[in-house]
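Read the structure below first, then the notes.
The values are calculated or read from the model by the stated rules, or taken from the named source; none is laboratory data. Values in this document were obtained by computation on a predicted structure and should not be read as measured data. All Cβ positions, glycine included, derive from the backbone under ideal geometry; neighbour counts span all protein chains shown. Surface accessibility is based on the protein's heavy atoms, side chains included, excluding ligands, DNA and RNA. Shrake-Rupley method; radii C 1.70, N 1.55, O 1.52, S 1.80 Å.
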Amino acid sequence: MNYHRINELIELLQPEWQKDSDMNLLQFLVKLAEEAGYKEGIENLSDDVLIYHLKMRNAPKDAMIPGLAKDHHDDFKTALLKERGIIK
């Protein structure tokens, strides 16, 4: 894990953990894993699962995942023209 990801995880984790300040860190991580639907052991939980779950935790259920939203186009024609470099 590089420093950018560590900083991002801490920035996302801090305000959410403060809402459940009665929990210790491990309890809170287990809670996040359960919310995200993670079924394996907590020792295998990746930073990606935590980061995306924390980003999407308070978002509406129909909100698009941030990594996918930047590439989303409302219509096929615009998407095709952008991919071909015809429009920007």
| Mind checking whether some residue in the range 54-69 is part of a helix (DSSP H, G or I) and at pLDDT 90 or above? | yes
| Does Gln14 fit the bill of being at pLDDT 90 or above, in a helix (DSSP H, G or I) and open to solvent by 100 Å² or more (accessible area, probe 1.4 Å)? | yes
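Residues are listed down the side, and each one gets a yes or a no for (1) among the aromatic types (Phe, Trp, Tyr); (2) open to solvent by 90 Å² or more (accessible area, probe 1.4 Å); (3) free of Cβ contacts under 8 Å to residues at least 40 places away in the same chain:
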site	(1), (2), (3)
His4	no, yes, yes
Leu9	no, no, no
Leu32	no, no, yes
Asp47	no, no, no
